[in-house]
2 protein chains.
Amino acid sequence: MLAGTLHAAPKDTTIPAPAIDTAVQLRETALASDLGYRITESLTTEVGQRLAGSEADARAVAWAKAKFEELGYDKVWTEPVTFPKWERRSESAQVLGPHSQSLAITALGGSPGGTVTGEVVRFADLAALEAAPAGSLDGKIAFIDYKMERARDGSGYGPGSRTRSGGPSAAIRAGAIGYVMRSAGTDSHRNPHTGITRFDEGLTPIPSAALAAPDADQLTRLLALGKPIELKLALDVGWNGEATSYNVIGEITGSSKPDEVVLIGGHLDSWDLGTGAIDDGAGVGLTMAAGKLIGDLETAPARSIRVVAFANEEQGLHGGKAYAEAHADELEQHQIAAESDFGAGRIYAFSTGAPEYAQGAAKTIAQVLAPLGIEFAGDAGGPGPDLSPFAADGMAWARLAQDGTDYFDYHHTPDDTFDKIDPEALAQNVAAYAVFAYLAASADGDFGSKPADGDTAGD
Amino acid sequence: MLAGTLHAAPKDTTIPAPAIDTAVQLRETALASDLGYRITESLTTEVGQRLAGSEADARAVAWAKAKFEELGYDKVWTEPVTFPKWERRSESAQVLGPHSQSLAITALGGSPGGTVTGEVVRFADLAALEAAPAGSLDGKIAFIDYKMERARDGSGYGPGSRTRSGGPSAAIRAGAIGYVMRSAGTDSHRNPHTGITRFDEGLTPIPSAALAAPDADQLTRLLALGKPIELKLALDVGWNGEATSYNVIGEITGSSKPDEVVLIGGHLDSWDLGTGAIDDGAGVGLTMAAGKLIGDLETAPARSIRVVAFANEEQGLHGGKAYAEAHADELEQHQIAAESDFGAGRIYAFSTGAPEYAQGAAKTIAQVLAPLGIEFAGDAGGPGPDLSPFAADGMAWARLAQDGTDYFDYHHTPDDTFDKIDPEALAQNVAAYAVFAYLAASADGDFGSKPADGDTAGD
């Protein structure tokens, strides 16, 4: 097809009535099932943490492949994802001098190793550090004490994560030899929150870490005593070559349009401090369960249901990028996709970026979701992280928004463990994903996936 | 006086009306003051953790002496307390084999160091482990998975702490080479609870540790997979000679009976994981503040107010025992004593073991406490831990019972930090201790302190 060819206006996408009846049944079956909870338990117990590229990550890949097979998926395969490997070996922080004491910290992902000792200079937020003149922090350790806000939709994480991603480079520009920040989190426990950071081109990376909230409080109180506070930050961490992991994929074959897929999933990797239960064992477990329950139906939906357990989301969406690249030619076959990567709280809203002609179908899906306490929220939000590369290329996305009020109490901490998951909330998630995927896979008409520049794939 | 001499029945102890008026004023002054909160902040910030016998413990002693002086106490002194010194250097636990993962643990105080690897055998509670036949755990690691109950009065800690103190010896008798237990706590965070343990005479101590609650859950799930689970427990901890610390004492001199004292206090040492804010920085801070507020009155009460910051409570009431020994000859001069060592929650009850003739005075005290939400509870409870040796010798005690509903969420964990203290609750505590101490020091008549065998001291 030539570039610039006009497409005819598509017919409205609709959902056949029998599919709605089946989806209502499926919803109730899912609500009564603990399958998603049990799959999440299996992953987080049998594998535990699974830092991308680690030995445990390889075990997680084997686990996911075996689990898809055990659940009776029609096709199960893996796709390689290669990325730089980051390792954490040890980390500590010690206030020196008359108030000598250790502080609970964790290195930010991507931080180099190294031991630095310097006076701590506190900043209220990233903007304040960015305003520090070059040379003003020579030989010192920058400390951003920004407190992230709690919100159902996780909106407080925007400035929280920017403090993590942008703080180290701002510190380097001002001359700092180390960087510490109040964790991007909403709890008050001695469990610091890790997460990836980066360093701008041309800067020499410095050891960078997050303090647990009580330790950020403590450091602030120590500074308020009015005398210089010297901190020793010792990180044995860093990049160490390359690793290859895998996107693990299971598919329930569609009954009449098997080459068209509705994609759901989560990410298989986790940070190393907890066991990655809410981030993102739950996302993997609940979408695997949703696919399995669809597979258990007497008749599969028209399209295939593809469940993807993405590799290495945490360190830069490596699995999502690899998927988009590997499947670039099949973009339009991906009818619509939704990723679960915001914990294990109840879903309260459904939205989609699908075009006008598919909004009727979206509203039909919303009606079947409504008894789960889920409202229709138009085109609010966006695709999940691992879907964002492919969505940027033009894949249609849906969002099943989870209540993240407590998510950042546990996110990226040692406290991200299976006991934090409410089985009833997880069953509600499974029901919502099953309904969405089944109905989208049963729709007459599409949800608008097409190359973002208006060209079809393969031009 | 000859042993066995009959004492005449004492007159009823009463409290003069002007003292009640002053106590009402004192209560309101204390409620409006943040002094106790600020003292606790100072200790936990400037010193941080203060494991008995550590360098930080010595700093805490210096801090307490300086703080009493800064607060204008009439007399400030220290009394030496010598005890075996226990050190924690490093600790880890790793599940080996196909489910390899680390578990969050902390050595129990008094545990020997050592690295042991063995199959884990789970027991529901201490009684179940005690029933294990000799030899049945040869080469294995015993695991007690007992869940402590939450209660306002902390009553769940009885079986919880017995699991800690009795578990290791029971494990050794069955042949175990290591001991792990679900922490004696009520939270669900990755923060294990330490605390002292002991080993029965004649047994060779084994490495002994507590798992954080989520890790006890995890180990239980791993065992439920039905195959042997091997654990490597590596503790670099242990006894290391003797140390001398100090009971630090401040006194407000009584106006007419300065040799008679009403004693209040807390303990200065803490475990090393947190900063000892609720255990027992708060107890030290609030009783120091109560004494200071009494010292600020135009006229001191008849008797002296003695505030004691006891040394090394955590590892065996060493400070309390040393105090009882050092002051054995002055038992009857100690009119009555109350220790705060149950966190920083609001006080809900006042009780005393004082004899019948002092109950009227106790009720008068209770009436002044009542507006603080404190009820009179007769002779319920007993003396605080550091007072128990002297109370066993015959010193009269009072109890200002704190709401400990959340106490065991933080107790002996890294999470015992200053941010866990509610300043208003702490002010209520200061008010209660000030009222109690002032009125007891103003009473006509005593509260029944006398040698427990009926003999007066010095016989």
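I'm checking my understanding of the structure. Among residues of the stretch B:20-56 that are more than 14 Å from chain A (Cβ to nearest Cβ) and within 30 Å of B:GLU87 (Cα to Cα), which one is surrounded by the most Cβ atoms within 10 Å (Cβ to Cβ)?
Let us first name the residues in the stretch B:20-56 that are more than 14 Å from chain A (Cβ to nearest Cβ), namely B:20-36, B:52-53.
Now drop any that are not within 30 Å of B:GLU87 (Cα to Cα), which leaves B:52-53.
Values: B:ALA52: 29, B:GLY53: 26.
Only one residue tops the list, namely B:ALA52.
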Contact list please: Cβ distance under 6 Å, first residue in the stretch B:71-89 and under 30 Å from B:ASP34 (Cα atoms) and assigned to a strand (DSSP E or B), second residue modelled with pLDDT of 95 or more and hydroxyl-bearing (Ser, Thr, Tyr), pairs at least six apart or on different chains.
B:THR78/B:TYR246
May I ask you to verify whether A:LYS257 is open to solvent by 30 Å² or more (accessible area, probe 1.4 Å) and not assigned by TED's automatic domain parsing to the domain that holds A:ALA93?
yes
Restricting the first residue to the stretch A:263-275 and requiring it to be within 21 Å of A:GLY384 (Cα to Cα) and away from every other protein chain (no Cβ under 13 Å), which pairs with a second residue that is basic (Lys, Arg) and open to solvent by 10 Å² or more (accessible area, probe 1.4 Å) meet a Cβ separation below 6 Å and a spacing of at least six or different chains?
A:LEU263/A:ARG306
Members of the stretch B:109-137 that are within 24 Å of A:THR417 (Cβ to Cβ) and either out of contact with any Lys or Arg (no Cβ under 6 Å at 6 or more places or on another chain) or within 14 Å of chain A (Cβ to nearest Cβ) (or both):
B:VAL120, B:ARG122, B:PHE123, B:ALA124, B:ASP125
Residues (within 16 Å of A:GLN218 (Cβ to Cβ) and open to solvent by 40 Å² or more (accessible area, probe 1.4 Å)) located in the stretch A:100-120:
A:SER102
Restricting attention to the stretch A:438-451, and to residues there that are in contact with a helix residue (DSSP H, G or I) (Cβ under 6 Å, 6 or more places away or on another chain) and under 21 Å from A:ASP296 (Cβ atoms), which single residue is surrounded by the most Cβ atoms within 10 Å (Cβ to Cβ)?
A:TYR438
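Looking at A:ILE252, is it more than 17 Å from the chain's Cα centre (by Cα), buried (at least 24 other Cβ atoms within 10 Å of the Cβ) and at pLDDT 95 or above?
Judged against the criteria, A:ILE252 is a match.
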Pairs with Cβ under 7 Å, 6+ apart, first in the stretch B:221-242 and more than 14 Å from every other protein chain (Cβ to nearest Cβ) and under 13 Å from B:ARG122 (Cα atoms), second among the β-branched types (Val, Ile, Thr) and surrounded by fewer than 18 Cβ atoms within 10 Å (Cβ to Cβ):
B:GLU230/B:THR117
Quick count over the stretch B:195-220, residues being in contact with a Ser or Thr (Cβ under 9 Å, 6 or more places away or on another chain) and either within 12 Å of chain A (Cβ to nearest Cβ) or of a type in the set (A, V, I, L, M, F, W, C) (or both), is 14
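Return yes when A:ALA349 is within 19 Å of A:GLU28 (Cα to Cα) and either surrounded by fewer than 24 Cβ atoms within 10 Å (Cβ to Cβ) or at pLDDT below 95 (or both) and no when it is not.
On the way: within 19 Å of A:GLU28 (Cα to Cα): yes; either surrounded by fewer than 24 Cβ atoms within 10 Å (Cβ to Cβ) or at pLDDT below 95 (or both): yes.
Answer is yes for this residue.
Out of A:GLY178, A:GLY238, which single residue is closer than 30 Å to A:VAL308 by Cα, modelled with pLDDT of 95 or more and surrounded by 18 or more Cβ atoms within 10 Å (Cβ to Cβ)? Step through it out loud before you land on a result.
Details: A:GLY178 fails: closer than 30 Å to A:VAL308 by Cα.
Result of the check over A:GLY178, A:GLY238: A:GLY238.
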Scanning the stretch A:402-428 residue by residue, those more than 14 Å from every other protein chain (Cβ to nearest Cβ) and within 13 Å of the chain's Cα centre (by Cα) turn out to be A:GLN402, A:GLY404, A:TYR407, A:PHE408
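Among the candidates B:LYS140, B:LYS65, single out the residue that is under 23 Å from the mean Cα position of the chain (by Cα) and either without any contact (Cβ under 8 Å) to a residue 40 or more places away in the chain or away from chain A (no Cβ under 14 Å) (or both).
Values: B:LYS140 fails: under 23 Å from the mean Cα position of the chain (by Cα).
Every option except B:LYS65 fails the conditions.
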Those residues of the stretch B:352-373 which are open to solvent by 10 Å² or more (accessible area, probe 1.4 Å) and either β-branched (Val, Ile, Thr) or modelled with pLDDT under 95 (or both) amount to B:THR364
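The values are calculated or read from the model by the stated rules, or taken from the named source; none is laboratory data. Quantities reported herein were computed from a predicted structural model and do not represent experimental measurements. Backbone-built Cβ (ideal geometry, glycine too); neighbour counts: all protein chains shown. These accessible areas exclude ligands, DNA and RNA; they are computed on the full protein's heavy atoms, side chains included. Shrake-Rupley method; radii C 1.70, N 1.55, O 1.52, S 1.80 Å.
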